[in-house]
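One structure below.
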Amino acid sequence: MLLGPKLDITFDREREVLRALRALFSGKPPSAEQTPVAKASGYLKMLAEAYGTLPTQPFRSEPPLVGALAFDASALTALACGDVRARSYLARGVGSVARFLVPATVLLDPHVAAVADAFAEVRAIDAAAAREAARLLANAAGGAPLEALFVASVAREASSAIVTANGADYAALVSAARRDLHIFAV
C-alpha cells in the first residue's frame, strides 16, 4: 500500500478496482480540451452505463453546496466501483457547477490515478501547501503528513468539501484548518 495502512485494499479488492477501471475506460478517454463539468458529466454517464442510474433520493439529508469537491483515494476507489454516495456527490457537483479537485498526493495510489484524470483537476503541492500542512499538523490533535497536505491543498478553496470513506482521518486536520471546509462521507 502506498498510502499507508489506513487504505485497506486487499488483493481481491485491488483486482475488483482494476477490473472496474478497465471496464469504465475501455471507451475513449476524455480529452484535455473538455471543460471539467463536461468531463465529470461524461464520467457520470460511463458510471451509469456500468452500474445503473442513481436513485432519486440517495441522501437522508442534503449536504451543503460547495464550490469545490476534493476526492481522496478512498472516494475515488468507491467512485470507480460504482458507490451510490460517491456518484451522488459527483452528480450534485456537476449540477451546481462545482470544481472537482484531486490533490497530487492522491496520485501516489496507482489504482486511482486514472479515475482522478477522468474528471478532476489535479492540484499540485507547492511550498505554501507544505507550510500550511506543517501548521495543521502542529495544531491538530492527530493526522498524518499526506492527509495534512491533502487538507492544506483543499483548504485553499473558498468553500470546499473532502469526499472520503475515511472521515475520521481528516476530522482533526479540518478542524485545525479553521475554514469553510466540510467532510462528505461515502
Task: Residue satisfying all of: in the stretch 123-163; among the hydroxyl-bearing types (Ser, Thr, Tyr) and not in a helix (DSSP H, G or I); nearest to residue 173 (Cα to Cα) among these - done: 160
Task: Tabulated pairs, the stretch 89-105, first within 20 Å of residue 133 (Cβ to Cβ) and touching a residue at least 40 places away in the same chain (Cβ under 8 Å), second aromatic (Phe, Trp, Tyr) and part of a helix (DSSP H, G or I), C-beta under 7 angstrom, 6+ apart or interchain - done: 103/150; 105/150
Task: Residue match in the stretch 160-179 (condition: crowded, with 20+ Cβ neighbours inside 10 Å, more than 20 Å from residue 87 (Cβ to Cβ), within 12 Å of the chain's Cα centre (by Cα) and of a type in the set (Phe, Trp, Tyr)) - done: no
Task: Residue identified as among the charged types (D, E, K, R), at negative phi, touching a Leu at 6+ places or on another chain (Cβ under 6 Å) and surrounded by 15 or more Cβ atoms within 10 Å (Cβ to Cβ) among 99, 123 - done: 123
- [ ] Residues being in a helix (DSSP H, G or I) and not small (Gly, Ala, Ser): count how many of those fall in the stretch 98-117.
- [x] 6
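Read the figures in this text as sums done on the coordinates, not as results from a lab. The structure presented is a predicted model; accordingly, all values stated were derived computationally and were not measured. Note that we place each Cβ from the backbone using ideal geometry, even for glycine, and neighbour counts take in every protein chain shown.
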